[in-house]
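A short reminder: the numbers here are calculations on the coordinates, not readings from a lab. It should be emphasised that the depicted structure is a prediction, and the values quoted were computed from it without experimental measurement. FYI the Cβ positions are ideal-geometry reconstructions off the backbone, even for glycines, and counts take in every protein chain you see.
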Amino acid sequence: MRAQDDLKITGVIDQEFSYAGPAQLLATAPWWLLLERPHMWDFSEEMEDRFLRHLDMFKRVLEEEEEATPGHEDKELSRLIERSNENGTLCSSATLQTGMSLRRGIPEEEIQAFVAKKMRHVKLHDKRKEDMLAAYEKLQWCQIDADTFFQVVEGLYGRADDTVE
């Protein structure tokens, strides 16, 4: 979209099907080669064969287009896509691009248990935050000293050096 000095809109770009993501993911095979989002794939051997056939066709057409472009030798996307297929970046990128939408393989009970656990964490966090803010207000009004405030916080959250990553 371009706006002139008077803020009059002179054009609109439809970005519904545009790619917006890290540049590193551009150099991987596109998910749309199978015309389905990755979370819909059944990951069967036939699906893999079909994907690899489409990937080969995509790379071949891309190479033909690159060869027709003057000065392409140093900027061949097809080589980057081939390398991503060889080193496994392709699979990692597909996972990153779909996020956690690959939920077909996760049993519903596990999903519900996870959500319930996270909701308990939210309630616990809210309670701890409330207690910490109350202690902070007391600290601001000099009703407690800094050491007491830190003891309250450590009691709520534990010491930083006690935390195991």
In sequence order, calculated HN-Hα J values of segment 64-69 (Karplus, 6.51, -1.76, 1.60; Hz; x Gly/Pro): 4, 5, 5, 4, 7, 9
Range of Cα positions in segment 108-162 per principal axis (Å), largest first: 51, 24, 9
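Do any chymotrypsin sites (Phe, Trp or Tyr not before Pro) in segment 108-154 lie in a loop, going by DSSP, with at most 11 other beta-carbon atoms within 10 Å of their beta carbon, and if so which? Write down the numbers at each step before the final one.
Values: sites: 114, 136, 141, 149, 150; in loops: 141.
Passing both the DSSP loop test and the Cβ count: 141.
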